[in-house]
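What follows is a single structure, written as structure tokens, with notes after it.
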Amino acid sequence: MHKRRRIGVALLAGFLIAGAAPRAGAQAVAKLPQTPAPVIAAGTADTSALAKEAEKWLADLIRMNTTNPPGNEQAAAKYIAGILEKEGIKPELLEAGPGRTAVVARLRSAAVADPTRALLLVAHMDVVGVDRAKWTVDPFGAVEKDGYLYGRGSVDDKGMLAANLAAFIALKRGNARLNRDVIFLATCDEEQGGDASIKTLIAKYWDKFAAGFALNEGGNVTVKGGKVQYVAVQASEKVAVNVAVVARGASGHASIPTKDNAVVHLATAIAKIGAYSAPARPTAIVRRYFEELARIEDPELAKWMRALDTPDRAEHAQRVVSEANPLWNSMLRDSIAPTMLAGGVRVNVIPAEARAMLNIRLLPGDTVDVLVGELAKLVNDPQVKFEVQPDAGYAAPPSSLESELYQTIEKTGAEQFAGVPVVPCLSTWATDSSQLRLHNVQAYGLVPFPLTEEDLKRMHGEDERMPLASFAQGVQFLYRIVAGFAAAK
Ligand SMILES: [Zn+2]
């Protein structure tokens, strides 16, 4: 997941987990009800033993520094290929760029070779950078402490990578009779979305992993007070677009200031933009998200969650829900975050130009031109121009909430976590799934490990860590979804 707003995710849970001691947290999760894995015809896979193996894979992957840029995912790809070969599965390395290699492998269904039925297990190998001075452990040391495995990428996204590998290998070891092909894909360059990303892999190698369904990162299993609250399944995502705000003015000696000052034009514009809120437009997935969440939410808030598009009440409902949680606010409308400022080279020189960057996240279906038009009207200053940057994300159709895979996730989630709501979500952050959805793949985002607010907050932050009991739970949850969807009963 790239460029995630840390606080956003923290509030995704919509609850603030106060002071649960790490040791208590990890052990509390361990006590969560465990339901035995389904028996696959012609053999079974004991996920707890496999999860122990996968824990070692995760630790090894953490020790491979795949910070992006530059990425250097090749070592991780070869490591994974080695594990697959040991299982008698033939991997294929896919060149995505210099030193950037993805890896793909396939388990074939004897019965059905139709790629539109195939299931793709996706995860990315690259990680975001670290500020070592702020970490209490070596970010690439895979240090195990208090029931946690610490390390950059332990959650985003090497946990999912190791869990995908475990579920894939469990099918092989269990001699599962597959009703569709299952494909394992480890990608590069997700955090930058650059030239070595899934977009390049699709352009060069689509035939090697074409599928109708996919499981990827993007959602989460939220824990509060040691209990799983709900399972969020990402079925759609907002579209990231960067826009430069360029202000011009009369340059000159700073001792003779005029009103036509580029820095002042810019500051005035940014102040207006910062106070602006685009109109709310709850999408179908967002409406469903709040309807489901209302089941476990405080009744007063639940009432408004159910009224987001009820005539005469919608406006107030949207205000109440938006003010309750910045993430919910961002799920309801196009969002605009001023993130960078630049202007001036010398303190005693008034610059001719000053600029700022806006990180905009559009609701699927909205266009940046309409929003920029609104902002230009709002700023109402001929000295201020807006330049849409070329690196925009892609608006992709949402994945269906009626598909066999979504229903399998829903059913398995409720079984695995004792009846908690399984809610579809529109993520404010981007994942590789948008590219897959553009190729008609019904892609769903999970992070199948029960994680607390505190754990989620550490992604892209300091001391990122995976609770090991949650990891084992996540491996089982993911395997059950994969087996439930792809293995003949
Ligand atoms: Zn990620």
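The values are calculated or read from the model by the stated rules, or taken from the named source; none is laboratory data. Given the structure is predicted, the values throughout are model-derived calculations rather than measurements. Note that each Cβ is placed from the backbone with ideal geometry, even for glycine, and that neighbours are counted across all protein chains shown. Side chains are part of the model used for accessible areas, which takes the heavy atoms of the whole protein and leaves out ligands, DNA and RNA. Shrake-Rupley method; radii C 1.70, N 1.55, O 1.52, S 1.80 Å.
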Residue-ordered couplings for the range 181-196, obtained by feeding phi - 60° into the Karplus form 6.51 cos²θ - 1.76 cosθ + 1.60 and rounding to whole Hz (Gly and Pro as x), are 5, 10, 10, 9, 9, 10, 9, 10, 6, 6, 5, 9, x, x, 5, 9
Going residue by residue through the range 378-387, the Karplus relation 6.51 cos²θ - 1.76 cosθ + 1.60 with θ = phi - 60° gives ³J(HN,Hα) values, rounded to whole Hz and with x marking Gly or Pro, of 4, 5, 6, 9, x, 7, 10, 10, 10, 10
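If you place +1 on the Cβ of every Lys and Arg and -1 on the Cβ of every Asp and Glu, how big does the dipole about the Cα centre of the range 239-388 come out, in debye to the nearest 20?
Details: 17 positive and 17 negative charges, 59 e Å.
In total the dipole reaches around 280 debye.
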If the label point sits 7 Å along Cα→Cβ of Met340, residues of the range 357-374 with amide N under 18 Å come out as 357-361
Carbon/sulfur accessible area of the chain, % of total, 1.4 Å probe, equals 56
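What percent antiparallel are the DSSP beta bridges of the chain, to the nearest 5? The partial results should precede the final answer.
On the way: 48 of 71 bridges.
Close to 70 percent.
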With a Förster distance of 41 angstrom and the Cβ-Cβ distance between Ala418 and Ala488, calculated FRET efficiency to the nearest 0.05 equals 0.90
Computed on Cα atoms, the radius of gyration and Dmax of the chain in angstrom are 23.5, 85
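For the chain, what does the helix formula give at 222 nm: sum of -39500 (n - 2.57) over DSSP H segments with n ≥ 4, over the residue count, nearest 500 deg cm²/dmol?
After summing the helix terms and dividing by residue count, I get -11000 deg cm²/dmol.
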Treating only Lys and Arg (+1) and Asp and Glu (-1) as charged, each at its beta carbon, one finds that the range 196-294 has a dipole about its Cα centre, in Debye to the nearest 20, of 60
Taking a label point 7 Å from the Cα of Thr367 along Cα-to-Cβ, the residues of the range 428-442 whose backbone nitrogen sits under 17 Å from it are none
Computed for the chain: size of charge dipole around the Cα centre, +1 on C-beta of each Lys and Arg, -1 on C-beta of each Asp and Glu, debye to nearest 20, value 340
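Order the peptides 48-56, 307-315, 169-177 from the highest to the lowest mean number of other Cβ atoms within 10 Å of their residues. Intermediate results must be reported in sequence, preceding the final value.
Values: 48-56: 17.4, 307-315: 13.9, 169-177: 20.2.
Top of the packing list down: 169-177, 48-56, 307-315.
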Between the residues Pro299, Ala324, Ala163, the Cα farthest towards the positive end of the dipole of the chain, that dipole coming from +1 and -1 charges on the beta-carbon of Lys, Arg, Asp and Glu, is from Ala163
Scalar couplings 3J(HN,Hα) for the range 433-442 by Karplus 6.51 cos²θ - 1.76 cosθ + 1.60 (θ = phi - 60°), nearest whole Hz, x for Gly and Pro, are 5, 5, 5, 5, 4, 5, 10, 6, 8, 7
Of the residues Val345, Val246, Ser197, the Cα lying farthest along the dipole of the chain towards its positive end, which is defined by charges on the beta carbon of Lys, Arg, Asp and Glu, belongs to Ser197
In terms of the alpha carbon gyration tensor, root eigenvalues a ≥ b ≥ c, rounded if a/c is under 1.5 and otherwise prolate when a/b exceeds b/c or oblate, the range 417-489 is oblate
The helix 284-293 Cα axis meets the longest alpha-carbon principal axis of the chain at an angle in degrees, between 0 and 90 and rounded to 10, of 70
Given backbone amide H placed at 1.01 Å from N, residues whose amide H is under 5 Å from that of Tyr444, ignoring those fewer than 5 places away on the same chain, are Ala214, Leu215, Asn216
Checked the range 137-211 against the a/c 1.5 cut and the a/b vs b/c comparison, axes a ≥ b ≥ c from its Cα gyration tensor; verdict oblate
Computed over the range 239-388, protein heavy atoms only, probe 1.4 angstrom, the accessible area per residue in square angstrom equals 51
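Figure the gain on full extension for Gln407 and Asp146 (residue separation times 0.36 nm, minus the Cα-Cα span) and round it to one decimal in nm.
On the way: separation 261, 0.36 × 261 = 93.96 nm, distance 3.59 nm.
Roughly 90.4 nm would be gained on extension.
Please give the contour-minus-distance gain from Lys272 to Ala110: 0.36 nm per residue of separation, less the Cα-Cα distance, rounded to one decimal in nm. Intermediate results must be reported in sequence, preceding the final value.
Working: separation 162, 0.36 × 162 = 58.32 nm, distance 6.11 nm.
Length gained between Lys272 and Ala110: 52.2 nm.
Which order, highest average first, do 275-284, 156-165 follow once you tally other Cβ atoms within 10 Å for each residue and take the mean per peptide?
Numbers: 275-284: 15.1, 156-165: 28.2.
Result, highest mean first: 156-165, 275-284.
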Length-normalised contact order of the chain, Cα under 8 Å, at least 6 apart, in percent, tallies to 27
So the compactness index of the range 239-388, its C-alpha Rg divided by 2.2 N^0.38 Å, takes the value 1.32
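Applying 1/(1 + (r/R0)^6) with R0 = 35 Å to the Cβ-Cβ distance of Ala254 and Asn380, what FRET efficiency is obtained, to the nearest 0.05? Walk me through the numbers before you get to the answer.
Values: r = 27 Å, r/R0 = 0.77.
For R0 = 35 Å, the calculated efficiency reads 0.85.
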Violations at 30 Å Cα threshold for listed pairs Lys208/Lys457; Lys411/Lys457; Lys56/Lys227; Lys303/Lys377 -> Lys208/Lys457; Lys303/Lys377
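Label the range 39-123 by shape, choosing from rounded, prolate and oblate, from the square roots a ≥ b ≥ c of the eigenvalues of the Cα gyration tensor; if a/c is under 1.5 it is rounded, and otherwise prolate applies when a/b is larger than b/c, oblate when it is not.
Taking the square roots of the gyration eigenvalues as a ≥ b ≥ c, the range 39-123 is oblate.
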Given backbone amide H placed at 1.01 Å from N, residues whose amide H is under 5 Å from that of Phe449, ignoring those fewer than 5 places away on the same chain, are Val221
Here the relative contact order (percent) of the range 239-388, from C-alpha pairs under 8 Å and at least 6 apart, is 42
